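Right, one structure below, let's go through it.
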Amino acid sequence: MKLLLLVLALSTSLLAGELPNTPSADRTPKLLTRENVIAFSLNAALRSADAAITCRNLTSGGVEWTAPSQSCAGTTAWVMSGVPVQIVGVWFLQRTGHRKMARVLAWGMPASDAAYLSVSLAHR
């Protein structure tokens, strides 16, 4: 019994300490920096415009090529699901120390959304 309590006390004291290779609180980058907020907002605005134009295209007999649904609600859900994917992806990459990849993701998604928006505008 004493051995079990000793092992339990040692294991909890080891787990209570900071794990190796985890970023400390002072080194962990903030998610909502000015740059990230601008990138997230731009992504949401471009995706909202794309969803609105796509819905208008679908009501006038158009076809959505990239979404698994041909309804306005399904396409809007599909298009807007990229916003939380971007935010969580940037958070995860920053948290694991991949800051350059986080910037690529933060600004790469709005860039690809601009391309999708231009395709939607061309086919209205």
Among LEU93, GLN70, LEU105 the positive-end extreme of the charge dipole of region 34-122 (Cβ point charges): LEU93
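Counting other C-beta atoms within 10 Å, and keeping those with at most 14, which DSSP coil chymotrypsin sites (Phe, Trp or Tyr not before Pro) do you find in region 47-124?
TRP65
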Phi to ³J(HN,Hα) by Karplus 6.51 cos²θ - 1.76 cosθ + 1.60 over region 103-111, Hz, x for Gly, Pro: 5, 4, 5, 4, 9, x, 5, x, 5
Residue-span extension gain [LEU121 to HIS98] - 0.36 nm each, minus C-alpha spacing: 4.8 nm
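Read-outs: derived from the displayed coordinates by stated rules, not from any lab. Everything quoted here is computed from the prediction, not taken from an experiment. Ideal geometry is used to build each Cβ from the backbone, glycine not excepted, and the neighbour counts take in all protein chains shown.
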